[in-house]
Amino acid sequence: MWLYKKSYLFLFLVFALSSLSSMDLKANEHLVFKKSVVNITGMHAKVAAGYVSIENLGTWDEVLLSVKSDFAQTSEIHEMKHVNGIMKMRKVTSGIIIKPNNTVHLEKGGFHLMFMKLSKHLSPNDFVSVDLEFRNAGWITTNFLVSDLHNKSGSSHSHSHQDQ
Amino acid sequence: MSSDLSKSRSLLILFASAIFFASVFVVLIVQPSTLINLSKKINLDPTLTLHDHNGNLVNSEYFRGKPLVLFFGFTHCPEICPTTLNDISIWLDEVGTITEKININFVTVDPERDTVEELNKYIDNFSSQIVGITGTQIELNKLFSAFGVYAQKVPLDDNSYTVDHSSSIYLVDINGRLFDIISFGEHSESAIEKLKSFLN
């Protein structure tokens, strides 16, 4: 009888701790952002591409839905595809799913953030603020390092951090 | 009976012809870049009238007499075009080619936005050996047609657009024959080897 009570107590504690852990993570902490970079081409750049690796530490699917920024008139999630020697870029409308304990890489040649009609001058090695909208976590603001594609010293830098 | 057989045969021939012409259409029109025939003579329209990023006239003669490197893209392209132009600059450093020996060009597929002025600002970001080329859509189409380059405007949400385009780099010898192409994503060592072989 004593053993049964102890087992129940143990199970209860495990459940309570795991619930507490999930509740903590729900405060947007289940998402980790790494290698956040906005690439420009020179000081007259009209467009810029954003790259970031997003890790989902949660136990549920997360979906990146949209993006906004204060340095571009239009900010969208895009996908680059190379088909039969032809480069194609399309807007992603259904979002990008990030599975539990997985990382999605927005990187060259694939998914990326597209900033069009830049409304502010971006300088290499500056940080710019980007808002990312997730289905569960809502809007999260994170910083991206500005890198100039033609300036190799700028583009070789990468920055890892976690934003809430 | 004989009439039915003849009708069936006619229908079969019609059906086979339709498939044949549909295939030709897909290969030649829809996916032109897959049909790159090395050593083919590039026949440029003698009436070709374009401009470089400094406003100088560019005609068919401009593309003759020197080994020619051509890449087609646009200044609003966020990734592939600047990356490729950067790569070309780096490869040329490796090959050690001087400007006089080679004619390297970035031809816009977006003449609507890529004016001489815009191209001038953009080209400034890359090797001084690279020349930007623009012109009217009609004139550029002559060049696209000669190289089998695909370029298609695709509307975006904000009344803007992007351009799907061929991503290869074309190497043309002094006799106007296609020597080789460097595909997008090709390993640097391979690209440098091709350039060395092209220039020697």
Practice item. In Å³ and rounded to a whole number, note down the convex hull volume per residue for the Cα atoms of segment B:39-199. Key: 105 Å³
Practice item. Return the average number of partner chain Cβ atoms within 10 angstrom of each residue Cβ along peptide A:30-40. Key: 1
Point to revise | Sequence-distant residues sharing a close amide H with residue B:133 (under 5 Å, placed H) | key: B:106, B:107, B:108
Check your understanding: When Rg is the radius of gyration of the Cα atoms in segment B:82-129 and Rh is its Kirkwood radius, what does Rg/Rh come to?
Key -> 1.00
Review point. Considering amide H positions built from the backbone, and no H for Pro or chain starts, which residues 5 or more places from residue B:124, or on another chain, come under 5 Å of its amide H?
Key: none
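No value in this document is a laboratory result; all are computed from the given coordinates. Computed from a predicted model, the values in this text were never measured in an experiment. Please note: Cβ atoms are built from the backbone with ideal geometry, for glycine as well, and neighbour counts cover all protein chains shown.
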